[in-house]
Amino acid sequence: MSNVLITGGAGFIGSNLAHDLVEKGNKVTIVDDLSMGRLENLVDIQDKIIFIEHDVCDHEFMHELLLKNNFDYIYYLAAVASVADSVERPVPTHKINQESVLDTLEFIRANELKIKRFVFSSSAAVYGNLKASPKKEDMPVQPLTPYAVDKYASERFTLDYNYLYGVPTVAVRFFNVYGPMQNPESPYSGVLSIITDKLQKNETFTLYGDGSQTRDFVYVGDVVAALQLVAEKTPISTVYNIADGGETSLNDVIHTYEEVAHRKLDINYLPKRNGDIDKSLADVTKIKTLGFKPKWTLKDGLKEYWDYEEKRSESHGQHE
Ligand code: UD2
């Protein structure tokens, strides 16, 4: 059993990770200010975790938390995950996406805290519009937004704290993660959370572009497994892509989802979004060296997601 801290643990990926870690008998502490995360994501495990509603930018609070608990693993998932929000508010989002990360690393170093691994969650956004495909971890980067700049800098700080001071760290770059507990409320939420919501409510989905854009969609269950693999198994402090390694167009993902849900999605086409990337595919060779093997095909992942959401809406009595 390990003592684990998840910042952003009420969010999409964090809450899925928390469920798995609790099931495996670990002690889990979550810090989340609920700005994007939802308590509802943790109801099933609320008696088995320590949940603290707090902002990770409160350095004093974080210091005390780190000093009082001897965490083995720290999964740093707290972030403003919206690229658009970072473009609107570069300074406040920088405080969360970079300063809070650096402060935590520095506190660990200065106090010689005996952690087993600090895991930082970076993003495929660091690759920007790089044309090469598939994207490999050692390729040049092109961070084009405050979000991507902060993710890249924090990722480098994370690795540098190992290189310079020996803090055990690792960083991951998420591609397009989908699955239960992703908040569909913002127009910049993951496209599959929006499609799920629209299919359930029989509402019209707005597709930006012609649907030929491709993404590397990875099911959150595979991401949860990958996070634990990198935390526990990486022999060096480095960065790993977390993705499926498969490339699917938006049109194809919609067709597969319609089959799985036995529903037809009503689509309204609008011009492609400014800055939208045409193709995105990860090279997952590196994380496979740790034994990573995605378990969910796109169809299986969508089925599991749909079944989960159907059950959830039935239990909320909102099913249409
Ligand atoms: C993902 C990340 C983003 C950043 C980026 C870096 C998510 C949610 N977003 O953006 O944070 O890391 O990768 O490359 O993981 N779309 C529609 N209609 C909608 C919503 C989306 O057509 O209502 C399209 C969108 O224009 C894009 C595709 O669906 O072509 C995927 O959109 P997304 O926001 O899920 O993810 P992405 O890859 O643009």
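The values are calculated or read from the model by the stated rules, or taken from the named source; none is laboratory data. Remember, predicted model here, so these are calculated numbers, not experimental data. Heads up: the accessible areas ignore ligands, DNA and RNA and are worked out on the full protein's heavy atoms, side chains in. Shrake-Rupley method; radii C 1.70, N 1.55, O 1.52, S 1.80 Å.
Structure notes:
- Rounded to whole Hz, the Karplus (6.51, -1.76, 1.60) HN-Hα couplings of the stretch 261-271, x for glycine and proline: 8, 6, 9, 9, 8, 7, 10, 10, 8, 10, x
- Each helix, a run of at least 4 DSSP H residues, gives -39500 (n - 2.57); summed and divided by the residues of the chain, these come to -11500 deg cm²/dmol at 222 nm.
- Gain in span if fully extended, ARG312 to ILE236, counting 0.36 nm per residue against the direct Cα distance: 23.3 nm
- The chain: relative contact order in percent, alpha carbon pairs under 8 Å with at least 6 residues between: 16 percent
- Structural descriptor for the stretch 1-153: relative contact order 23 percent, calculated from alpha carbon pairs under 8 angstrom and at least 6 residues apart.
- Within the accessible area of the chain, the carbon and sulfur atoms contribute 51%, probe 1.4 Å, all protein chains present.
- All lysines inside 25 Å of LYS293 as judged from Cα atoms, apart from same-chain residues fewer than 8 positions distant: LYS24, LYS116, LYS135, LYS136, LYS233, LYS279, LYS303
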